[in-house]
Amino acid sequence: MKEGKNTPRFLDYRRNPLPLDVAVSFHLPAGCEATARELILSQKVQVNDVIERSYHRLVCRHTDIIAIDGIIIQKCLPMPRYYLCYKPRGVICSNKRNEGIDRYDAVYISDWLNIAFQRNNASESVDIKMKTINTVGRLDEESEGLLLLTNDGSFSRLLCDPEFGLSKTYRVVAKGSGFDMLKSMCSNDAALVRQIKDMVENGNPLDADGMQSKSHICFESCQVLDVGRLASQHTSDDSYYTLLDLTLREGKTHAVRRIMRNSGLRVFYLSRIEIEGLDEFSIAKPSNLQEAEACGFIPNVKCKTIAKDGNVMLDNSGPTITLNPGYIIELKSCHVDKIFSLRTR
């Protein structure tokens, strides 16, 4: 991929020298409230017995000796760690609650990860993990799905850089109104699917000059999987549901929900089901509304179809490693290599 003028430089910290602040962040002293950069700027960090004042200084994990207040933190710095988890709903990907917005029973990502790491029998101290492990991007409180965790800042920037744009696919169940009018415009189910797709695409237009408006959200593709009327006790209610996949390369805040809102639809269920380069991993992917309801994604919403024998049919045709809510897996070097290699295409 061609580098843009303002595209940041990405280093593979596993094989290249790494900035001093990154190296120090791996071994912050217990109870230390200061950040790695603050320690360096306050002249408390030595490299090879010399005080270092620049956090941009590149250090080698194998030859340079780093100390904080004269105490050697480690002669050979540890390798960065990379994890993939299935974040359930009700988990806030930040350490600050939005009063009046977040659910009262929602939990912070740090608290949830502590529990999840313990549940998955982590072999090392959870406290050490949580000082440096951060999420790569975010999923909002009511969304679920694949979420990357790492202490590698370069890797995190790589996945969040809008110019580079690793694609991420979201499965969405949304609700709309005016089903009778919508269906009268379509001669068959295929035309109905095309109409929903046009609604999504036309709901996010460019302005008159061909530039992005404030409400415009770029997305790469939209695939409509299912459309139908929602059952209701009121005969005058002609609400409908649609299940679709949206693929985006730029992660703006609440991007998928804003795309749906611009299209006149309201999101019931949202899950990040794929991240480019990690196609070996799979999560539950309901193919219709009934399956989503059976999985507990959207309770109290009825659908016209019933799964065969009452079983939930999941998409297991491709990937072989399936993650369940709360599951955390450490990525192997081959997985990280694959993501880094995507940038050189």
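Quick check: from the Cα gyration tensor, does the range 18-74 come out rounded (a/c under 1.5), prolate or oblate?
Values: a/c = 1.37, a/b = 1.28, b/c = 1.07.
Rounded is the answer for the range 18-74, as its axis ratio a/c remains below 1.5.
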Would you pull out the residues with amide H under 5 Å of residue 285's amide H, same chain only if 5 or more places away, H placed 1.01 Å from N? 315
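Which entries of 87/183; 252/338; 175/338; 183/285 show an alpha-carbon separation above 29 angstrom in the structure shown?
Values: 87/183 36 Å; 252/338 24 Å; 175/338 37 Å; 183/285 26 Å.
From the list (87/183; 252/338; 175/338; 183/285), the Cα-Cα distance tops 29 Å for 87/183; 175/338.
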Residues 45, 193, sorted so that the one with the fewest Cβ neighbours within 10 Å comes first: 193, 45
Would you please give the residues with an amide H less than 5 Å from that of residue 269, counting only those at least 5 places away or on a separate chain, with H modeled from the backbone geometry? 173
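Within 10 Å, count the other beta carbons around each residue, average over each peptide in 255-268, 57-70, and list them highest first.
Working: 255-268: 19.9, 57-70: 14.9.
Highest-to-lowest ranking by the protection proxy: 255-268, 57-70.
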The range 18-74: relative contact order from alpha carbon pairs under 8 Å, six or more residues apart, as a whole percent, is 36 percent
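Here, each number is a calculation from the coordinates, and none is a lab measurement. This structure is a prediction, so every number in the text was calculated from the model and none was measured. Cβ coordinates were reconstructed from backbone atoms using ideal geometry, including for glycine residues, and neighbour counts include every protein chain displayed.
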